[in-house]
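Notes follow once the structure below has been shown.
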Amino acid sequence: MKPRNTTEESLKVPADVLIDILGIIVKESLKHEITQVIESRSIVVVAVFLDNGSLKQQRALQNIQNILEEYREYRWSDSEDINWREH
Amino acid sequence: MEKECQYCRETFTVKRIDSVYCSRSCRQMAYMERKMEKIRVAKTQVIEIGDKLQVAVLQLDASPEMEQPSTDSYLKIEAPKEIASAKPKKEEENYIPVDCAFLDAIREQTDNCHNQEALNNCINIHMDVSAYWVGQRLRCLIECLLVLSEAKYAKVADLMEICNAFTHITRSVHYKSLPTIFPYTDDIPLLRDKLKQVCLKIQKADEIKFRLDKEDKIQLIATRYELAQYISKKKFSQLEFSYK
């Protein structure tokens, strides 16, 4: 459930960077909730709730998004088909 | 499809749907900029703390009624209210970005331009058919291994099929006529042997949790990334591995 006066952001976090992302979430005391575990692709979906008006939390979220974006740049390709023959 | 590069803001045609930067140099520059920002924020914090302390010392020196303080009075000295109240505000504003160890390791691998130069030589300059043939299949098999390593379970038969595909590559005429500068010639039999060992260990099982070592995964992601700059992607089902 979304806490009051917060903005929700849903993040698809691959297992390879999960520790780093959770490290930021815990260090910055961001309210969060694990909403889904996609075992077939080793991905965890985390909902992060940012306090409205907190610049520091916005920056922490930007940091997380930069990591995910760079990971995507290296790792993922056009197709996200889990059938390896058709990937 | 066209996109705007997130570093230079130029429009470019994307090779991959998730591309963010137009070139390797822009990606590197963006990374350097993030690093510099991190250092700049850390330096600003040190300077600010230094300034506050200096102000506190000056205020104590300028205080007319203050006598030579005893050791006890030193202990009772408190930071001026202005400083105490400023602290949470600074904490709020200053955020030092955290880097990701996994990405750092991939960057280290791909920053060595040797492989990319060699690939560029083989594929773009000399238009070597063998290098392209082998490179395309290697890229495809790496994609397959990465997908299977992230799946919940992998069928042993599938791993064996990939292992056989590696064997077919090494037996092909193209592999034998690869130019000496092709950077992954030795990696192909190494990957095949590692996979073969896994397959031999778990022959009796139908499915396993197939996971790559962190180092192996970093190496594979870096290789796939390098190959992706020069070789188009094809699905396993679209490629012929046994060259006749």
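What follows draws every value from the coordinates through simple rules; no lab data is involved. Model, not experiment: these values are computed from the prediction. For neighbour counting, all protein chains shown are included, and Cβ atoms are generated from backbone atoms with ideal geometry for every residue, glycine included.
Average partner chain C-beta neighbours within 10 Å, per residue of A:65-72?
Values: counts 0, 8, 6, 1, 4, 11, 5, 4.
For peptide A:65-72, the averaged partner shielding equals 5.
Output the peptides B:220-228, B:113-121 sorted from most to least packed, where packing is the average of other Cβ atoms within 10 Å over each peptide's residues.
Ranked from most to least packed, the peptides come out as B:220-228, B:113-121.
Placing +1 at every Lys and Arg Cβ and -1 at every Asp and Glu Cβ, with all other atoms neutral, what dipole size does region B:173-222 have around its Cα centre, in debye to the nearest 20?
Once rounded to the nearest 20, the dipole reads 160 debye.
Let me have the relative contact order for chain A, percent, based on Cα pairs under 8 Å that are six or more residues apart.
30
What net charge is computed for the residues neighbouring B:Thr180, neighbours being all others with C-beta under 13 Å from the C-beta of B:Thr180, Lys and Arg scored +1, Asp and Glu -1? Please report the intermediate quantities before stating the final value.
Details: positive: B:Lys176; negative: B:Asp128, B:Asp186.
Result for the local shell: -1.
If each of B:Thr13 and A:Glu69 carries a label point 7 Å out from its Cα toward its Cβ, how far apart are those two points in nm?
Going from the B:Thr13 label point to the A:Glu69 one covers 2.5 nm.
Within region B:176-198, find all residues whose amide N lies under 14 Å from a label point positioned 7 Å from the Cα of B:Glu117 along Cα-to-beta-carbon.
Answer for region B:176-198: B:181-183.
What does the average come to when, for each residue of peptide B:98-110, you count the partner chain Cβ atoms lying within 10 Å of its Cβ?
Neighbouring Cβ atoms belonging to other protein chains average 5 per residue here.
How many angstrom separate the Cα center of region A:35-60 from the Cα center of region B:119-145?
That distance is 38 Å.
Which residues in region B:208-223 have a backbone N closer than 18 Å to a point placed 7 Å from the Cα of B:Gln28 along the Cα-to-Cβ line?
Backbone N within reach: B:222-223.
Give the Cα extents of region B:146-244 along the principal axes, in whole Å, largest first.
39, 29, 24
Can you give the alpha-carbon Rg of chain A over 2.2 N^0.38 Å, where N counts its residues?
Expressed relative to 2.2 N^0.38 Å, the Cα Rg reads 1.18.
Taking 45 Å as R0, compute the FRET efficiency from the Cβ-Cβ separation of B:Lys234 and A:Ser29 and round it to 0.05.
0.45
Just list whichever of A:Lys12/B:Lys194; A:Lys2/B:Lys38; A:Lys2/B:Lys35; B:Lys152/B:Lys196; A:Lys2/A:Lys27; B:Lys155/B:Lys196 have alpha carbons separated by over 23 Å in the model shown.
Values: A:Lys12/B:Lys194 31 Å; A:Lys2/B:Lys38 31 Å; A:Lys2/B:Lys35 34 Å; B:Lys152/B:Lys196 20 Å; A:Lys2/A:Lys27 20 Å; B:Lys155/B:Lys196 14 Å.
Long pairs (Cα-Cα over 23 Å): A:Lys12/B:Lys194; A:Lys2/B:Lys38; A:Lys2/B:Lys35.
Please arrange B:Arg139, B:Arg40 by counting, for each residue, the other beta carbons lying within 10 Å of its beta carbon, fewest first. Intermediate results must be reported in sequence, preceding the final value.
Working: B:Arg139 24, B:Arg40 10.
Starting with the residue having the fewest Cβ neighbours, the order is B:Arg40, B:Arg139.
What is the dipole size for region B:117-215, taken about its Cα centre, with +1 at each Lys and Arg Cβ and -1 at each Asp and Glu Cβ, in debye to the nearest 20?
The dipole of region B:117-215 has a size of about 360 debye.
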